[in-house]
Amino acid sequence: MNDSAINVMPVEDAAPIPESADPMPLEGLLVVDFSQFLAGPSCSLRLADLGADVVKVERPQGGDLCRQLSIADQLLGGDSVLFHTINRNKRSFAADLKRSADLERVKALVARADVLIHNFRPGVMERLGLGYDIVREINPRLVYANVTGYGEAGPWRDKPGQDLLAQSLSGITWLSGDAAQGPVPVGISLADIITGAHLAQGVLAALVRRGVTGRGARVEASLMESILDVQFEQITAYLRGEGALPRRSEVNNASVYGAAPYGIFETAQGHLAIAMAPIAQLARLLECPALEAYAAPSLAFARRDDIKAVLRAHLRTRTAAQWLAVLEPADIWCARVLNYAELMEHAGFAALDMTQRIVTTSGDALTTLRCPIRIDGAVLKSSRSAPALGEHTEEIAAGFALDNHAAEDAP
C-alpha cells in the first residue's frame, strides 16, 4: 500500500490512520475477470483492493468497451476516466477468445484461478467453451461468478442489462422526487454498483465454503434482483399495503413511507436535511407556533404534506447554520446539505482520508477514491493504475507458464 502521494487537509486531533504490515486478506488468490462496464469490474475491483491478483481478459481490438465510455467527456491517456476508476489495481491480458490458441491460453489461466467473473449475456460463455459445466471440470475448486441483467430465465432474459433500464423496470424511479413529478431515476449507476457488491459478497462466501469443503461454486447476481433488494423496506410495505402504491410527498419528498419532517428544506442560506423528530419538539425549538396543531404523533404521516409546508415556509426565515445551532445541541437528526466542493473542503471529509492518487505507466495521474473498507484499522490504498490494453499479457503468460499448459492440454 502506498499513500505517500496523497495530499489531504490536516485535521487537528485526528488519530493517525495506520497501515497494516500483515498480508492482505485475499493475497495469493487469482481472479480471472472477463467482465466489462461496471457491475462485474466493480466486484473485481473490491477483490483487488483486498489483495487478490485480478487479471482482466480483454479483446485485443479495443478491449473493455468501458475504455471508451466516458463520463463528462473525460479521458486519461486515451481511455475514459470511468475505466480508470473502476479498473485500477488490475492486470490486462489480451486474448481473442475466438482464436483457438488464445482460448487455450485462457483455459490454462482459468485452470490456475480461484475466481472467474463474467457478465456476458446468457449462453455466450457456453458457446466459447467456458461455461460453468465445462470450467468446473477443468478446475473443480473454482468460484465461477457471473452478472446478468435479469437472471438466466424469464421474458427479460435477453434484454440489455443496463442500469437505467433496470431502474426503470424495478419501480425505484417512483420513489424520488415530489408527487407532482414523473419518474425520477437515481443519479448514479446504483444497480451496477450494488450488483457488484452483491457478487463480491457471494464470491467471498463461496471462498469461505471452499476452505471447508474444497469445492468451488457458481455465484450469480443480476441488476434486477439487486435493485429490487435495495428497495426491501419499500416493497415490503407495499406488499403489506393491500395493493396501495407508495405515495410520494407533495412537499419536499425524501421517503415515500417516511413521516414528517423527513426531507430537505431550503433556508435563507443553504439547505437543511431533517430526518426523524417529534413535531412538538420541533415546534418549540424552531419557535414555530403553526406546528403545534400537528403535535400529535399520529399526524406525522397522515398530515405530512401540511407539516412540511409549514416547515418549508418557516425554515426560510433563517440560515442553515442558524438552525443547526439550535437543532444539533438538542440531538435532532439534521445536517447541512453539501455539494462536492463544500464536502471536500470540510474537515470531516479530510479525516476520512478517502482520496488517493494513481499514476499510469505513461505518467498520467488521477485522483480518485480509495477502497472504503479498513482492515485492522488500516485504510486500503494503492497507487497502481488501471492497465493499458494487453499491458501484462506476456508477463502473465510467462508467470503462469500458460503456453506450456496449453501445449500439454492440446489434443
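Which residue pairs have Cβ atoms closer than 9 Å, lie 6 or more positions apart in sequence or on different chains, and pair a first residue in the range 192-221 that is touching a residue at least 40 places away in the same chain (Cβ under 8 Å) and under 11 Å from ARG141 (Cα atoms) with a second residue that is of a type in the set (A, V, I, L, M, F, W, C) and surrounded by fewer than 14 Cβ atoms within 10 Å (Cβ to Cβ)?
ALA217/ALA205
Filter the range 320-343 for residues that are in contact (Cβ under 8 Å) with a residue 24 or more places away in the chain and over 14 Å from GLY270 (Cα atoms) and give the result.
The answer is VAL326, LEU327, ALA330, ILE332, TRP333.
Report, by residue number, each residue of the range 318-336 that is more than 13 Å from PRO261 (Cβ to Cβ) and not in a strand (DSSP E or B).
If the condition is that a residue be more than 13 Å from PRO261 (Cβ to Cβ) and not in a strand (DSSP E or B), then ARG318, THR319, ALA320, ALA321, GLN322, LEU324, ALA325, VAL326, GLU328, PRO329, ALA330, ASP331 are the ones that fit.
Please go through (1) assigned to a helix (DSSP H, G or I); (2) under 30 Å from LEU130 (Cα atoms); (3) under 19 Å from the mean Cα position of the chain (by Cα) for GLY211 and return the number of the only condition it doesn't satisfy.
It is condition (3) that GLY211 fails.
Just a yes or no: is a residue in the range 293-309 closer than 15 Å to LEU272 by Cα, touching a residue at least 40 places away in the same chain (Cβ under 8 Å) and assigned to a helix (DSSP H, G or I)?
First pass over the range 293-309, keeping only residues closer than 15 Å to LEU272 by Cα: 308-309.
Narrowing the set further to residues that are touching a residue at least 40 places away in the same chain (Cβ under 8 Å) leaves 308-309.
This time we only want the ones that are assigned to a helix (DSSP H, G or I), so: 308-309.
Yes, there is a match, as at least one residue in the range 293-309 is closer than 15 Å to LEU272 by Cα, touching a residue at least 40 places away in the same chain (Cβ under 8 Å) and assigned to a helix (DSSP H, G or I).
Quick one: how many residues across the range 252-276 are assigned to a loop (DSSP other than H, G, I, E, B), touching a residue at least 24 places away in the same chain (Cβ under 8 Å), surrounded by fewer than 20 Cβ atoms within 10 Å (Cβ to Cβ) and among the aliphatic types (A, V, I, L, M)?
5
Taking ILE194, is it farther than 27 Å from ASP305 by Cα, surrounded by fewer than 17 Cβ atoms within 10 Å (Cβ to Cβ) and under 16 Å from the mean Cα position of the chain (by Cα)?
Values: farther than 27 Å from ASP305 by Cα: yes; surrounded by fewer than 17 Cβ atoms within 10 Å (Cβ to Cβ): no; under 16 Å from the mean Cα position of the chain (by Cα): yes.
No.
Starting from residues that are aliphatic (A, V, I, L, M) and surrounded by fewer than 20 Cβ atoms within 10 Å (Cβ to Cβ), keep the ones in the range 63-93 and report whichever is farthest from ILE358 (Cα to Cα).
The initial filter retains those residues of the range 63-93 that are aliphatic (A, V, I, L, M), namely 65, 69, 71-72, 75-76, 81-82, 86.
Among the residues that remain, those that are also surrounded by fewer than 20 Cβ atoms within 10 Å (Cβ to Cβ) are: 65, 69, 71-72, 75, 81.
On the way: LEU65: 21, LEU69: 20, ILE71: 18, ALA72: 20, LEU75: 15, VAL81: 12 Å.
Checked the range 63-93; the qualifying residue farthest from ILE358 (Cα to Cα) is LEU65.
I'm checking my understanding of the structure. Among residues of the range 148-161 that are in contact (Cβ under 8 Å) with a residue 24 or more places away in the chain, out of contact with any Pro (no Cβ under 8 Å at 6 or more places or on another chain) and not small (Gly, Ala, Ser), which one is nearest to CYS43 (Cα to Cα)?
From the range 148-161, those in contact (Cβ under 8 Å) with a residue 24 or more places away in the chain are 148-152, 156-158, 161; that's our starting set.
When the remaining residues are screened for being out of contact with any Pro (no Cβ under 8 Å at 6 or more places or on another chain), the result is 150-151, 156, 161.
Next cut, not small (Gly, Ala, Ser) only: 150, 156.
Values: TYR150: 18, TRP156: 23 Å.
Within the range 148-161, the match that is nearest to CYS43 (Cα to Cα) is TYR150.
Being charged (D, E, K, R) and under 20 Å from GLU250 (Cβ atoms) is the filter; apply it to the range 283-338 and report the residue that is surrounded by the most Cβ atoms within 10 Å (Cβ to Cβ). Write out each step before concluding.
To start, the set of residues in the range 283-338 that are charged (D, E, K, R) comprises 284, 287, 292, 303-306, 308, 312, 316, 318, 328, 331, 336.
Restricting the remaining residues to those that are under 20 Å from GLU250 (Cβ atoms) gives 303-306, 308, 312, 316.
Numbers: ARG303: 18, ARG304: 25, ASP305: 18, ASP306: 17, LYS308: 22, ARG312: 15, ARG316: 13.
If we take residues in the range 283-338 being charged (D, E, K, R) and under 20 Å from GLU250 (Cβ atoms), then ARG304 is surrounded by the most Cβ atoms within 10 Å (Cβ to Cβ).
If you go through the range 371-388 one residue at a time, how many are crowded, with 19+ Cβ neighbours inside 10 Å and either closer than 30 Å to ALA101 by Cβ or among the charged types (D, E, K, R) (or both)?
So the count comes out to 4.
What is the residue count in the range 126-149 for residues that are closer than 22 Å to LEU204 by Cβ and part of a helix (DSSP H, G or I)? Show your work before the answer.
Restricting attention to the range 126-149, the residues satisfying the condition of being closer than 22 Å to LEU204 by Cβ are 132, 135-136, 139-148.
Still in the list and also part of a helix (DSSP H, G or I): 132, 135-136.
Total meeting the criteria: 3.
Throughout, read-outs are computed from the coordinates displayed, never taken from laboratory work. All of these numbers come straight from a predicted model, not from anything done at the bench. Every residue, glycine as well, gets a Cβ built from its backbone with ideal geometry; the counts of neighbours run over all protein chains shown.
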